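The values are calculated or read from the model by the stated rules, or taken from the named source; none is laboratory data. Note that the structure is a prediction, hence the values are computed from the model and not measured. Ideal geometry is used to build each Cβ from the backbone, glycine not excepted, and the neighbour counts take in all protein chains shown.
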Amino acid sequence: MGFLDRISTIVKANLNDLISRAEDPEKMLNQIIEDMRVQIAEAKKGVIEVMATEKRLEAQYKQHVEEVTRWEDKAKLALQKGDENLAREALVRKGEVQKLALDYKTQFEAQKSESDQIQVALRQLVNKYEEANRKKGLLIAKQKRAEAQKKVANTMSSISDSDAFSYFNKMEEKVNQISTEADAATALNASMSGNNLDEKFKALEAGGGSSVDSELAALKAQLGQGKP
């Protein structure tokens with residue numbers, strides 16, 4: 001059953017392991033399935049040859065069994081005719097044919113046993129091939145999903161390890177600081193402008209003179225030195 005061994009090796013192979021080592025899992029799976037199909041086709045030819053041999057041996061065995069019966073009938077006929085020598089010769093030929101018939105029977109039974117075994121093995125291999133063919137799409141999808149997950153994980157890892165985020169945070173702090181300083185400067189300028197304006201209004205309300213000048217004017221008025 002050497003022609004079945006090659007298929008058995010392919011069918012029993014760990015497809016997941018083959019995919020993990022393949023650069024293109026889908027292409028490799030398709031090739032494996034095709035190899036299995038070709039090997040099974042060759043195995044079918046071998047099984048057909050074994051079955052054909054079985055049929056030939058069976059036919060030859062039956063033919064010799066019939067010939068044994070025919071020589072026995074001839075021996076009976078010779079005795080009926082009173083020819084004992086001829087009857088003896090017929091029985092000798094019968095013995096020779098009977099021995100051949102037993103040999104053919106042995107060969108036929110051995111061939112039939114082998115034929116039955118390889119037919120069962122072939123059916124099992126065909127079932128496994130069909131199962132592998134059905135799983136092919138699932139395995140390809142599983143592999144692609146795993147590759148996508150790995151790619152995302154690597155991307156996230158590279159982002160986490162990058163200094164880009166730390167640079168961004170520093171820039172954010174710097175911008176906030178600049179904005180705060182600008183707001184403080186604006187508030188300071190507004191405060192300073194407001195104080196100057198208040199001083200001007202206070203001076204205006206005071207009439208532009210001091211209390212000393214007012215008191216001096218009053219004394220002059222009392223002494224008649226100035227306007228009443």
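State yes or no: is Ser160 over 30 Å from Asn30 (Cα atoms), touching a Ser or Thr at 6+ places or on another chain (Cβ under 9 Å) and either at pLDDT below 85 or part of a helix (DSSP H, G or I) (or both)? Here the answer is no, as Ser160 does not meet what is asked. Selection of first residues in the range 81-108 that are in a helix (DSSP H, G or I) and of second residues that are surrounded by 13 or more Cβ atoms within 10 Å (Cβ to Cβ) and polar (S, T, N, Q), restricted to Cβ pairs under 8 Å at least 6 apart or on distinct chains, gives the following pairs, ordered by first then second residue: Tyr104/Gln60; Phe108/Gln60.
Of the residues making up the range 92-109, those that are aliphatic (A, V, I, L, M) and either exposed (fewer than 15 other Cβ atoms within 10 Å of the Cβ) or in contact with a Cys (Cβ under 7 Å, 6 or more places away or on another chain) (or both) are Val92, Leu102. Remark: pairs (first residue in the range 46-61, more than 23 Å from Leu102 (Cβ to Cβ); second residue in a helix (DSSP H, G or I); Cβ separation under 7 Å; 6+ apart in sequence or on different chains) = Gly46/Phe3; Val47/Ile118; Val47/Gln119; Val47/Leu122.
Here Ile118 fits the description: touching a Gly at 6+ places or on another chain (Cβ under 8 Å) and assigned by TED's automatic domain parsing to the domain that holds Arg37. Return yes when Arg6 is within 30 Å of Gln107 (Cα to Cα), of a type in the set (Lys, Arg) and at pLDDT 90 or above and no when it is not. Taking the combined requirement at face value, the residue does not satisfy it. Checking the stated criteria, Ala146 turns out to be modelled with pLDDT of 75 or more and under 30 Å from Leu29 (Cβ atoms).
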